[in-house]
1. DSSP loop chymotrypsin sites (Phe, Trp or Tyr not before Pro) in segment 84-161 with at most 15 other Cβ atoms within 10 Å of their Cβ, which ones?
2. Along the positive direction of the dipole of segment 7-242 (beta-carbon charges: Lys, Arg +1; Asp, Glu -1; about the Cα centre), which of Thr63, Gly19, His205 reaches farthest?
3. Using the per-residue mean of other Cβ atoms lying within 10 Å as a proxy for protection, in what order, highest first, do the peptides 151-158, 209-216, 9-16 fall?
4. How large is the charge dipole for segment 7-242, taken about the Cα centre, if only the Cβ atoms of Lys, Arg (+1) and Asp, Glu (-1) carry charge, to the nearest 20 debye?
5. Where the centre of each part is set by its Cα atoms, how far does segment 133-179 sit from segment 5-45, in angstrom?
6. Could you tell me the relative contact order of segment 7-242? Use alpha-carbon pairs under 8 Å, at least six residues apart, and round to a whole percent.
7. Can you give me the three principal axis dimensions of the chain from its C-alpha atoms, in Å, biggest first?
8. Rounded, prolate or oblate: pick one for segment 128-217, where a ≥ b ≥ c are the square roots of the eigenvalues of its C-alpha gyration tensor, a/c under 1.5 means rounded, and failing that, prolate if a/b is larger than b/c, else oblate.
Amino acid sequence: MSQEPAIVFRDVWKIYRSGRVEYPALRGVSFTVGRGEYVGLVGPSGSGKSTVINLAGGIDTPTRGEVVVLGENIGEKGEGWRARWRRRSVGIVFQFFHLVPTLNALENVMLPMELAGLYSRRERRERALRLLEFVGLRDKAEKYPGELSGGEQQRVAIARALAADPPIILADEPTANLDTENKKRIIELLDKAHGLGKTIVFSTHDERLAEKAERIINIVDGRVAGEKRRGALQVGGEIVHEEKG
Ligand SMILES: Nc1ncnc2c1ncn2[C@@H]1O[C@H](COP(=O)(O)OP(=O)(O)OP(=O)(O)O)[C@@H](O)[C@H]1O
Ligand SMILES: [Mg+2]
């Protein structure tokens, strides 16, 4: 299993239906993310980035094609199976943080470990405190989401995503609602998580943030329009930036 790639999309189509109208959000997306890779998804609004993240995280299933994550064809599994699988396999960071408002920072970070049945109660607490330390919020462990800034909430969300020690972290525009300083901090934390050996896939509209990734996948109109290793970013078929050396 350790030789399996982290994420494989094979000719993935996602067709949303509302009433009698069908909208193909993904039109044959194929890519592979290796174990330990650090990948940024870029592309215009509506191009399909969130759809890709949701499929990779087993939040949604493809209409056609295969989504194979950690060797499991998750696209053909039922919702209950995917929910259980998700707890140990992926940590997800959302654009609007999605913390549980009635739990404090510490309890939010402990929750995924409880759901996955990992560690003793005391170990969960200690691990959550270490993770809050990791994101620089050890002193705010008792605060509730409503008492934290957006940047702080997103750092708690990153600690939570790491809590059950999943091999994959998915982040859908994790910096979209943050100021420049907090954007940098969040990307630095994703860098650090990558340094821990995690496979990271994040989406962003900010090309400069995307360039922190080792590889950028450009999604346009539900298709992969280009892929670049760090250094040269291709948007809409044009190379807009090239780093020398
Ligand atoms: N539940 C849904 N029902 C119908 N259409 C949807 C649904 N979710 C997404 N879509 C459509 O699918 C397309 C892709 O959406 P997606 O959210 O993946 O884009 P995105 O690249 O993440 O955009 P953004 O950068 O604005 O977040 C869009 O045209 C969107 O309107
Ligand atoms: Mg999106």
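1. Details: sites: Trp85, Phe94, Phe96, Phe97, Tyr119, Phe134; in loops: Phe94, Phe96, Phe97, Tyr119.
Here the chymotrypsin sites (Phe, Trp or Tyr not before Pro) that fit, given the DSSP loop and packing criteria, are Phe96.
2. Comparing the listed Cα positions along the dipole, Thr63 ranks first.
3. On the way: 151-158: 23.9, 209-216: 21.0, 9-16: 18.1.
In decreasing order of mean packing, 151-158, 209-216, 9-16 become 151-158, 209-216, 9-16.
4. Details: 37 positive and 32 negative charges, 123 e Å.
I would put it at about 600 debye.
5. For segment 133-179 versus segment 5-45, the Cα centre distance is 25 Å.
6. Details: 478 pairs, mean separation 62.1, N = 236.
Relative contact order of segment 7-242: 26 percent.
7. Each principal axis gives a Cα extent; for the chain these are 49, 45, 40 Å.
8. oblate
Computed from the coordinates by the stated procedures, all read-outs in this text should not be read as laboratory data. Since we're looking at a predicted model, the values are computed, not measured. Note that we place each Cβ from the backbone using ideal geometry, even for glycine, and neighbour counts take in every protein chain shown.
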